[in-house]
Amino acid sequence: MTSENRRPRLAIDAMGGDFGPEVVVPGAVAALQEGCDCELVFYGDQVQVEAQLSKLDTDGQSVSVVHCSQDIGMSESPAAAVRGKPDSPIIRGMREQREGQVDAVVSAGSTGAMVAASLLILGRLKSAARPAIATFVPTVAGETLLVDAGANIQCTPDLLLSFARMGAVYCRAMQDVAEPAVGLLNIGGESSKGSELAIAAHELLRTSELNFTGNVEGNEIMVGACDVLVADGFTGNITLKMIEGLAQFVKALAASGQLTESELAGLGAFAGVIKNRFTYEVYGGAPLLGVSGVSIICHGRSTPRAFTYAVKVTERQVRVGLLDLIECALSGAAETEG
């Protein structure tokens, strides 16, 4: 958590994502131009980063560059990259966050490398068993926070309870939801439905201090059944990708020329909703909750606007002291259960 007398200092992986500095740099700088009160430190190839900065108006803004001679490819082994590429933006940023030189790391690079570097360099919060990726899913009622969206393929009931608690803290602190409704992603509404994991997790959530509203089926997610939707990372990631695929399907169908005029007219309003709400651009980056630091994972295809939102979300997460709030909630729950 940053001091109230100091602006948050954010490490931005300028080389990450499908487009690198030409998208990352202008997107991040736009957040400053729109009033985001923070300092940006771009990590990456200095020549490329400064070439992009030279095209922008950064007068009066706190922007600097840290040259990195290495980069982590999307297909590289995360663990090997953490060990073998110490001068890459993700590793440099994480290390300098641990040393207190920056307050957060934002990257659209390898998700695996971000998770591995966060765990190996920053470590877990004392009371967090494992970290989880939290990402918003648009619904007719606003947004639902999906936790976990891919960090943990194998889970236990206790882990799902921990994810729910971290998600509830995030919604209270970042979304101003006083009593977040927590749901468990499952194949049926009854407590007896689902796998052994789901049945056991349901019981833990039901008897916890959380505002648990029960199981949520797949067809209920986007009608806004809950504020926090809990799942193991395998199921959560498939769910997220399915929703992204729906958006791509509707856009492609509208542009395909296969529809009649009446079908196109009917699809028009829905396509507008898809364009404005069913996109990672609106939500910026996904926080990795449960690590002893601020790690924001952006979509690999992020546009400049997505990075603008990611910087804004990261700045606020640092300012509200989310790490302390999560640690307090998890440790308090452990004491009560103990």
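Of all beta bridges DSSP finds with both residues in the chain, what is the antiparallel percent, to the nearest 5? About 30 percent, rounded to the nearest 5. For region 129-281, a crude dipole built from +1 on the beta carbon of Lys and Arg and -1 on the beta carbon of Asp and Glu, taken about the Cα centre, is about 260 debye to the nearest 20.
Counting every other Cβ atom within 10 Å of each residue's Cβ, Val230, Val318 order from fewest to most as Val318, Val230.
Sparse packing (at most 15 other Cβ atoms within 10 Å of the Cβ) combined with a DSSP loop state is found for the following GluC sites (Glu not before Pro) in region 48-132: Glu99.
When the Kirkwood radius is taken over all Cα pairs of region 129-281, what Stokes-Einstein diffusion coefficient follows at 10 °C and 1.306 mPa s, in µm²/s?
For these conditions, the coefficient is 98 µm²/s.
A cut-off of 5 Å between modelled amide H atoms, ignoring neighbours fewer than 5 places along the same chain, links Glu39 with Arg9, Leu10. Of Arg9, Arg172, the sequence from fewest to most neighbouring Cβ atoms within 10 angstrom is Arg172, Arg9.
Taking Rh as the Kirkwood radius computed over C-alpha pairs, what is the Stokes-Einstein D of the chain at 25 °C in a medium of viscosity 0.890 mPa s, expressed in µm² per second? Mind showing how you got there, number by number?
Numbers: Rh = 20.6 Å.
Answer, rounded: 119 µm²/s.
Relative to the globular-protein estimate of 2.2 N^0.38 Å, the Cα radius of gyration of region 37-175 stands at 1.21. Partners of Lys55 within straight-line reach, counting lysines whose Cα lies under 25 Å from its Cα and excluding those fewer than 8 residues away in the same chain: Lys312. Fewest neighbouring Cβ atoms within 10 Å first, the residues Ile90, Ile121 line up as Ile121, Ile90.
Straight-line cross-link partners of Lys241 among the lysines, defined as a Cα under 21 Å from its Cα and at least 8 positions apart when in the same chain: Lys251, Lys275.
Share of antiparallel DSSP beta bridges in region 129-281, in percent to the nearest 5?
35 percent
In the chain, helical runs assigned H by DSSP with n ≥ 4 each contribute -39500 (n - 2.57); averaged across all residues and rounded to the nearest 500, the mean residue ellipticity at 222 nm is -14000 deg cm²/dmol. Placing +1 on the Cβ of every Lys and Arg and -1 on the Cβ of every Asp and Glu, with nothing else charged, gives the chain a dipole about its Cα centre of roughly 340 debye.
With an 8 Å cut-off on Cα pairs and a minimum separation of 6 or more residues, tell me the relative contact order of the chain in percent. Provide the component values of the computation, followed by the final result.
On the way: 688 pairs, mean separation 80.9, N = 338.
Computed over the chain, the figure is 24 percent.
Projecting label points 7 angstrom from Cα along Cα→Cβ for Ser64 and Arg6 puts them 1.1 nm apart. Candidate membrane-span-like segments in the chain, meaning DSSP H helices with Cα atoms spread over at least 20 Å of their own axis and a Kyte-Doolittle mean of 0.5 or above, are 157-175, 233-255, 322-337, with no membrane implied.
Any read-out appearing in this document is the output of simple, stated calculations on the displayed coordinates, not a laboratory observation. All values derive from a computational prediction rather than experimental measurement. Don't worry about glycine lacking a Cβ; one is built from the backbone with ideal geometry, like all the others, and counts go over all protein chains shown.
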